[in-house]
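What follows is calculated from the coordinates using simple rules that are stated; it is not laboratory data. Remember, it's a predicted structure, so these values are computed and weren't measured experimentally. Here the Cβ positions follow ideal geometry from the backbone for every residue, glycine too, while neighbour counts run over all protein chains shown.
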Amino acid sequence: MSLARMLSELKLGNGFKQKNRNGLKILDIGDTVPTDATAGYEIGALFLHTDGSAGTVMYSNEGTANSCDFNAVSALTAAQEALLSATAGTATASKAVILDASKNITGLANVGIDNLIPTENIGAKAGATVTGVEYGDGIWHRTTLTLTATPVTLTDDANNGQWGAVKIYDFPAGVIMFAGGTITGALTAGVTGTFIDNWNGDIGVGTSAATDSTAVIDTAQANIIPSTTLNAGAADKIGVVEAPNNGAAFPTQVTESNAVWLDGTASALDAYLNVDIDDDGTHTSGTGTFTGVVSFVWCYLGDH
């Protein structure tokens with residue numbers, strides 16, 4: 001019902017005033033809101049604005065009896081409405097959540113690491129072709145990096161093979177514990193340079209960059225995600241990977257704590273995607289690209 005109709009039903013109109021026993025007006029009706037500093041209105045007095053519109057119909061005196069200050073009474077916000085209609089102890093979509101006496105909430109979804117966005121102890125993706133998403137609580141993190149045609153420089157060791165490394169992530173300074181991760185994607189060799197067909201190789205993620213191809217990617221070159229075989233097709237020179245280990249037996253890497261702890265307090269740790277290609281012939285150095293997703297879980301143990 002509109003304000004005008006309501007006043008008509010009540011037989012009230014402009015100029016109607018209701019005063020208290022002290023002679024101060026507590027209700028006033030009109031088409032012009034009282035001017036600030038006007039005397040004679042009780043604190044909290046109401047003014048019904050017959051010429052108002054949504055949000056400017058009812059006013060309340062927030063000043064004093066000697067100097068009024070009428071301000072519009074706002075409607076409840078959506079958040080306030082949601083709070084009023086919430087049921088204590090029950091989680092309902094688009095409504096506020098109120099604890100019951102036992103401090104329990106029925107129907108509240110479980111919150112896991114992938115539902116949290118950390119605000120501290122965060123690393124940074126490296127390179128223009130890498131995008132990153134970080135989940136966690138600032139202590140435990142899941143870092144997911146998407147690589148799109150990320151360039152990998154491949155160096156040739158004559159009669160041994162070719163190897164390459166590219167930095168993909170910078171960790172915050174501190175002691176870091178690694179819990180493992182996965183690699184999904186494909187390495188395309190021979191963007192430049194000469195590479196054999198049907199090549200076999202290895203791929204891993206570690207805190208050190210590969211420096212030669214005389215051995216399988218290991219130790220610090222694969223202490224975040226263990227080395228996994230990487231094999232190319234007959235002529236396309238594309239090696240597809242689903243780590244750990246492309247469905248074969250899971251590689252064993254065990255320390256006393258069943259996790260890898262590394263000290264990045266003096267110098268923050270980096271993460272490198274490392275690859276090697278077995279090649280017993282004399283070919284050339286060149287470049288390749290990696291497209292895929294690298295994801296790993298780590299724990300920030302603090303800095304000193």
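Calculated FRET efficiency, residue 261 to residue 131, Cβ-Cβ distance, R0 = 30 Å: about 0.60 to the nearest 0.05.
Compute the length gained on full extension between residue 76 and residue 179: take 0.36 nm times their separation in residues and subtract their Cα-Cα distance, giving the result in nm to one decimal.
32.2 nm
Between the beta carbons of residue 90 and residue 120, assuming R0 = 51 Å, the FRET efficiency works out to 0.95 to the nearest 0.05. Ranked for footprinting exposure by Cβ neighbours inside 10 Å, fewest first, 184, 129 give 184, 129. Using only the Cα atoms of the stretch 114-302, build the gyration tensor, take square roots of its eigenvalues as a ≥ b ≥ c, and label the shape rounded, prolate or oblate: rounded if a/c is under 1.5, else prolate if a/b is larger than b/c, else oblate. Taking the square roots of the gyration eigenvalues as a ≥ b ≥ c, the stretch 114-302 is prolate. For 59, 41, the sequence from fewest to most other C-beta atoms within 10 Å is 59, 41. Calculate, in nm to one decimal, what residue 83 and residue 139 gain on full extension: separation in residues at 0.36 nm each, minus their alpha carbon distance. Result: 16.9 nm gained on full extension.
A simple spin-label model places the labels of residue 67 and residue 36 1.0 nm from each other, with each point 7 Å out along Cα-to-Cβ.
Among 81, 120, 134, the ranking by other beta carbons within 10 Å of each residue's beta carbon, starting with the fewest, stands as 120, 81, 134. Dipole of the stretch 114-302 computed with +1 at Lys/Arg Cβ and -1 at Asp/Glu Cβ about the Cα centre; of 299, 118, 159, farthest Cα towards the positive end is 118. Net length available on complete extension from residue 211 to residue 101 is 33.4 nm, with 0.36 nm assigned per residue and the Cα-Cα distance removed.
Taking every C-alpha pair closer than 8 Å and separated by at least 6 residues, the mean separation divided by the residue count of the stretch 114-302 gives a relative contact order of 37 percent.
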